[in-house]
1. Please give me, ordered by residue number, the trypsin sites (Lys or Arg not before Pro) of the range 165-200 that lie in loop per DSSP and have at most 10 other Cβ atoms within 10 Å.
2. Round to a whole number: what % of the accessible area of the chain belongs to carbon and sulfur, probe 1.4 Å?
3. In Å², and per residue, what accessible area does the range 95-198 have when probed at 1.4 Å with the other protein chains present?
4. Cross-link candidates for LYS208: which aspartates and glutamates have Cα within less than 20 Å, leaving aside residues fewer than 8 places away along the same chain?
5. For the chain, what log10 I(q)/I(0) values come out of the Debye formula at q = 0.12, 0.13, 0.15 1/Å, with one point per alpha carbon and no solvent?
6. Under a 5 Å amide H to amide H cut-off, with H placed in plane at 1.01 Å, what residues pair with LEU161 once short-range neighbours are removed?
7. Show the residues, 5+ positions off or on another chain, whose built amide H is closer than 5 Å to the amide H of VAL144.
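The values are calculated or read from the model by the stated rules, or taken from the named source; none is laboratory data. Computed from a prediction, not measured in an experiment: that's the story for all the values here. Methodologically, a virtual Cβ is constructed for each residue, glycine included, from the backbone with ideal geometry; neighbour enumeration extends over all protein chains shown. Keep in mind that these areas ignore ligands, DNA and RNA; they rest on the heavy atoms of the full protein, side chains included. Shrake-Rupley method; radii C 1.70, N 1.55, O 1.52, S 1.80 Å.
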Amino acid sequence: MPELRQLRYFVMVAEEGQITRAASMLHVAQPALSQAIAQLESRLGVALFVRHARGMTLTPAGEAYLEAARTALTAVADADRAAQSSSRADRDLLEWGFLGWPPMVQAPELFDAFATANPDAQMSFRELSWPVETTAAWPADVDVALCFSPTPHPDVQLHPLRIEPRAVVLAKTHPLAERKELAVEDVLDETFCGDHPSLEPVRAAFWKLDDHRGGPARTTTDRASNALELIACVSTGRSITTAPASSAATFLDHMPALVAIPLRDAKPTVLCLVWHAGNRSPLVDALIATARSLGNGPRKLARERSRTPAA
């Protein structure tokens, strides 16, 4: 029976396609990672990778093993999450996850109303990475998270809070940087920043306007996996991206070489609360009840959409 460590190592090497990058992502030495993969192959009695000068590719046996390894790791993560969620509920603790700005900035009305209605509740906060693989895998270490346009998944619940227009973020040196407003057709053929292949694919494609293009964008060879890597890529002038209007404004605070231009006819993005369907925390239930009491939810979303120009 392989160790969980070996499964995690195997999945990372399969996703990265080479030992060097995988070792960097795992924060382990390359020789130790190579040895762990060799030991796994020896234990199984099959070759999982084909080694070549530019990296490693999966054999047919490796492809089958990758699917099974991901399933096993997900099952372990689910078990861990259930135990941790129960422990937090026992301690009257709500752990918020977020991307970028924390909940008191992204959803101040909801945060204040919940804190007022639940004065004895303890809260902690964790900045999360961008969603990887599936939406279900993303908020595993928290009770509830805030995310713009998460991809629906049967194992998670989504509650919409508000909609926002998207903006185009690009370098001041870009030919489009002087425009006051852009249309989708103005940027569909532009080069977008490439992202890491482990990112949840539907959400990653949304920010490259694949929902309007009907296919993948032309991208750089970058493998951005967080906002800092993304804006560093865009700031070179070689690529563009889109972002929620509020997030785009924060980029400008940190990167004066960038501009954010309203994208007038793109489908808007939706800020949502995200939590696992199996989470039985009373505080999560209380938070959702608070959101509904403020009028946040599908009906408000429908009203806001009706006031948004059609894409």
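1. LYS180
2. 55 percent
3. Averaged over the residues of the range 95-198, the accessible area is 45 Å².
4. Partners found: GLU133, GLU164, GLU181, GLU185, ASP186, ASP189, GLU190, ASP195, GLU200, ASP222, GLU229, ASP265.
5. Evaluating at q = 0.12, 0.13, 0.15 Å⁻¹ gives log10 I(q)/I(0) of -0.93, -1.06, -1.26.
6. LEU271, CYS272, LEU273
7. Residues meeting the criterion, in which the H sits 1.01 Å from N, are GLU95, GLY97.
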